[in-house]
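Input: a single structure, listed below in structure tokens.
The values are calculated or read from the model by the stated rules, or taken from the named source; none is laboratory data. Please read all numbers here as calculations on a predicted model, not as lab measurements. For neighbour counting, all protein chains shown are included, and Cβ atoms are generated from backbone atoms with ideal geometry for every residue, glycine included. Keep in mind that these areas ignore ligands, DNA and RNA; they rest on the heavy atoms of the full protein, side chains included. Shrake-Rupley method; radii C 1.70, N 1.55, O 1.52, S 1.80 Å.
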Amino acid sequence: MSINFLLLSLLSLQLCFAQTADTYLKSNLEELHQKLDEFITNSPNNQKLERLAQTHYWLHALAAYSNMGTLSIYEPMGQLSDEEKAAFDSLTAHITAFVTSPSADHEPQQKSQQFVNGLKVLKKQFIVDFPKPLYYFIDKNEQLSVTFSGEFPVLLQDTSEVYLYTDNHKVGYSSATDTTITFTFTAAQLGLDSAKPLATTNIKLQLVGQLGRKVNPKKQFTATYDFYALSLPASPGKLTITQSSTASNIEKQTKCTRTFLLNGSKGNLVEKQCLPSHEGWSIVPESVTLVVESSKGTKNRDWSYRKTNASGKYCYTAEVFYNSSGPSGKLEYHLKYDIKRSTTEEMTNTKELLLGWGEVKQEQFDTPVAQIVFTDFMGTQNIITDGSFQSFWLQLKQENNSIAIKTPDITTLNTQP
């Protein structure tokens, strides 16, 4: 029983190794490619650009390995040489580590370049330098110009065989030399115009080499490389501008004292009433009046009043007189006056400014700018401090009530190295 069990175990182990060895290299390479694509597709919008820029290095390293002159991607893994197998294992480890923990990989460019430099290169093999991380477009009429540099000594001079392609579209090259290949096309020609904003499209470059002077398909070989195009929205974002100003106003209030009563039926009476003080307020002098509510007798004979301001106070002196032969004076009154104070009111006004691509302009405001917030097309908010801001999508400079704005031109972005 133990011998049979041992034989069965050895057979199962052998079948397992055989199955691994029979797995085709093409399937494993496609799996690595899918890992990179999913890493970009599943990234949050605020990380998409950074991930795209980093991922393209390993995408290029994957293509460089796939196009090694000694290699056929249609071979089973078991037929790879020790050198080819070691390079594949190294590439797999790098890509797996990168998509699993991208924050830990701070040098994808250097690491991928080291990997590519370590690959075996044959004399007439295509060598493609690292392309730009990605190209940008907005609509179907957007024209892109893509140039690849490298070594193309045996390139087949045929635009129907050397081209860029997506799923159902392709465009031939515009010009080619031994060191550069240029493609000029509109977004619609590669089906890019159907992409939603912030969606990435994987574009493939097919190169065909011809060994010998005569065109002979049997002596041709192909190489395929990849890069990305990113669909941009119609605007790079918006500015939210908060303006502040102060307004000086004079606030007024009308006040009245309580009612005072003087009755001269028992003799002459005199009293002086002064206005109370109000902290933070001042009395309007011309508004101070004595209001007679009721009286008996005749004014200036039986009763009277007069202003008697003193020591900075506003006062009235009232008198009533006794009359033994008739009605005596009687006066019921109050003092009425206005008070005022200066007030400062803070006012704010918020304005949104939608940005366009390729803008170079200056905005003037008639009131002070208190705050500027830049919200990019990915929804990331940036509060601008110290009057200046610089990012890939916006350059801004504020001086007093003036704001200078510059946004990137898509055509320039695509032609910069």
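Determine if segment 65-88 includes at least one residue that is touching a residue at least 40 places away in the same chain (Cβ under 8 Å), open to solvent by 40 Å² or more (accessible area, probe 1.4 Å), more than 24 Å from Phe221 (Cα to Cα) and among the charged types (D, E, K, R).
No: segment 65-88 contains no residue that is touching a residue at least 40 places away in the same chain (Cβ under 8 Å), open to solvent by 40 Å² or more (accessible area, probe 1.4 Å), more than 24 Å from Phe221 (Cα to Cα) and among the charged types (D, E, K, R).
Go through segment 217-256 and give me each residue that's on the phi < 0 side of the Ramachandran plot, open to solvent by less than 20 Å² (accessible area, probe 1.4 Å) and either of a type in the set (A, V, I, L, M, F, W, C) or assigned to a strand (DSSP E or B) (or both).
Listed by number, the residues that qualify are Ala223, Tyr225, Asp226, Phe227, Tyr228, Ala229, Leu230, Ser231, Leu232, Leu239, Ile241, Gln243.
Within the set of pairs 6+ apart or on separate chains, which have a first residue in segment 261-290 that is within 28 Å of Asp302 (Cα to Cα), a second that is open to solvent by 70 Å² or more (accessible area, probe 1.4 Å) and of a type in the set (Phe, Trp, Tyr), and C-beta atoms under 8 Å apart?
That search, which allows pairs on different chains as well, returns Gly264/Tyr322; Ser265/Tyr322; Lys266/Tyr322; Gly267/Tyr322; Asn268/Tyr322.
Quick check, is Lys313 open to solvent by 80 Å² or more (accessible area, probe 1.4 Å), among the basic types (Lys, Arg) and at pLDDT 95 or above? Quick ask: steps written out before the conclusion?
Values: open to solvent by 80 Å² or more (accessible area, probe 1.4 Å): yes; among the basic types (Lys, Arg): yes; at pLDDT 95 or above: no.
So Lys313 does not fit the description; no.
Give me the residue from segment 176-213 that is assigned to a loop (DSSP other than H, G, I, E, B) and of a type in the set (A, V, I, L, M) and, out of that set, nearest to Glu151 (Cα to Cα). First the steps, then the outcome.
Filtering segment 176-213 for residues assigned to a loop (DSSP other than H, G, I, E, B) gives 177-179, 191, 195-199, 211-213.
Now restrict to residues that are of a type in the set (A, V, I, L, M): 195, 198-199, 211.
Values: Ala195: 32, Leu198: 33, Ala199: 31, Leu211: 15 Å.
Of everything passing the filter in segment 176-213, Leu211 is nearest to Glu151 (Cα to Cα).
Taking Asp409 as the residue in question, decide whether it is touching a residue at least 24 places away in the same chain (Cβ under 8 Å), closer than 24 Å to Glu50 by Cβ and open to solvent by 50 Å² or more (accessible area, probe 1.4 Å). Can you show your working first?
Values: touching a residue at least 24 places away in the same chain (Cβ under 8 Å): yes; closer than 24 Å to Glu50 by Cβ: yes; open to solvent by 50 Å² or more (accessible area, probe 1.4 Å): yes.
Considered against the rule, which asks whether it is touching a residue at least 24 places away in the same chain (Cβ under 8 Å), closer than 24 Å to Glu50 by Cβ and open to solvent by 50 Å² or more (accessible area, probe 1.4 Å), Asp409 comes out as yes.
Out of segment 369-400, which residues are closer than 19 Å to Asn45 by Cα, among the polar types (S, T, N, Q) and either touching an Asp or Glu at 6+ places or on another chain (Cβ under 7 Å) or open to solvent by 80 Å² or more (accessible area, probe 1.4 Å) (or both)?
Scanning segment 369-400 gives a single hit, Gln381.
Kindly evaluate Phe130 against the criterion of being in contact with a helix residue (DSSP H, G or I) (Cβ under 7 Å, 6 or more places away or on another chain), open to solvent by 30 Å² or more (accessible area, probe 1.4 Å) and aromatic (Phe, Trp, Tyr).
Values: in contact with a helix residue (DSSP H, G or I) (Cβ under 7 Å, 6 or more places away or on another chain): yes; open to solvent by 30 Å² or more (accessible area, probe 1.4 Å): yes; aromatic (Phe, Trp, Tyr): yes.
So Phe130 fits the description; yes.
Would you confirm whether or not segment 140-160 contains a residue that is of a type in the set (Gly, Ala, Ser), open to solvent by less than 40 Å² (accessible area, probe 1.4 Å), free of Cβ contacts under 8 Å to residues at least 24 places away in the same chain and over 27 Å from Glu84 (Cβ atoms)?
Step one: filter segment 140-160 for residues of a type in the set (Gly, Ala, Ser), giving 145, 149-150, 160.
Checking which are open to solvent by less than 40 Å² (accessible area, probe 1.4 Å) leaves us with 150.
Restricting the remaining residues to those that are free of Cβ contacts under 8 Å to residues at least 24 places away in the same chain gives none.
Checked segment 140-160: no residue is of a type in the set (Gly, Ala, Ser), open to solvent by less than 40 Å² (accessible area, probe 1.4 Å), free of Cβ contacts under 8 Å to residues at least 24 places away in the same chain and over 27 Å from Glu84 (Cβ atoms).
Within the bounds of segment 41-51, is there any residue that is assigned to a helix (DSSP H, G or I) and under 20 Å from Thr222 (Cβ atoms)?
First, pick out the residues of segment 41-51 that are assigned to a helix (DSSP H, G or I): 41, 45-51.
Imposing the further condition that a residue be under 20 Å from Thr222 (Cβ atoms) reduces the set to none.
No.
Report, by residue number, each residue of segment 325-357 that is in contact with a helix residue (DSSP H, G or I) (Cβ under 7 Å, 6 or more places away or on another chain) and either open to solvent by 40 Å² or more (accessible area, probe 1.4 Å) or of a type in the set (Asp, Glu) (or both). Explain how you work it out, then say what you get.
Let us first name the residues in segment 325-357 that are in contact with a helix residue (DSSP H, G or I) (Cβ under 7 Å, 6 or more places away or on another chain), namely 328-330, 357.
The answer is Lys330, Trp357.
Here is a list of conditions, (1) farther than 24 Å from Ala61 by Cβ; (2) among the aliphatic types (A, V, I, L, M); (3) in contact (Cβ under 8 Å) with a residue 60 or more places away in the chain; (4) in a helix (DSSP H, G or I), and Val99 meets all of them except one; can you say which number that is?
Looking at each condition in turn, Val99 falls short on (1).
With the structure loaded, tell me whether Gln416 is of a type in the set (S, T, N, Q), at pLDDT 85 or above and open to solvent by 80 Å² or more (accessible area, probe 1.4 Å) or whether it fails that test. Step through it out loud before you land on a result.
Values: of a type in the set (S, T, N, Q): yes; at pLDDT 85 or above: no; open to solvent by 80 Å² or more (accessible area, probe 1.4 Å): yes.
So Gln416 does not fit the description; no.
Working carefully through the options Phe130, Phe115, find the one that is closer than 24 Å to Ala97 by Cβ and part of a loop (DSSP other than H, G, I, E, B). Quick ask: steps written out before the conclusion?
Details: Phe115 fails: part of a loop (DSSP other than H, G, I, E, B).
Checking each option against the conditions leaves just Phe130.
Hey, can you tell me all the residues within segment 282-337 that are aromatic (Phe, Trp, Tyr) and more than 19 Å from Thr257 (Cβ to Cβ)? Talk me through it step by step, then tell me what you get.
Going through segment 282-337, the residues aromatic (Phe, Trp, Tyr) turn out to be 303, 305, 314, 316, 321-322, 333, 337.
Phe321, Tyr322, listed by residue number.
When you look at Leu190, is it closer than 30 Å to Gly356 by Cβ, open to solvent by less than 30 Å² (accessible area, probe 1.4 Å) and in contact with a His (Cβ under 8 Å, 6 or more places away or on another chain), yes or no?
Details: closer than 30 Å to Gly356 by Cβ: yes; open to solvent by less than 30 Å² (accessible area, probe 1.4 Å): yes; in contact with a His (Cβ under 8 Å, 6 or more places away or on another chain): yes.
Yes; evaluated as a whole, the condition is true for this residue.
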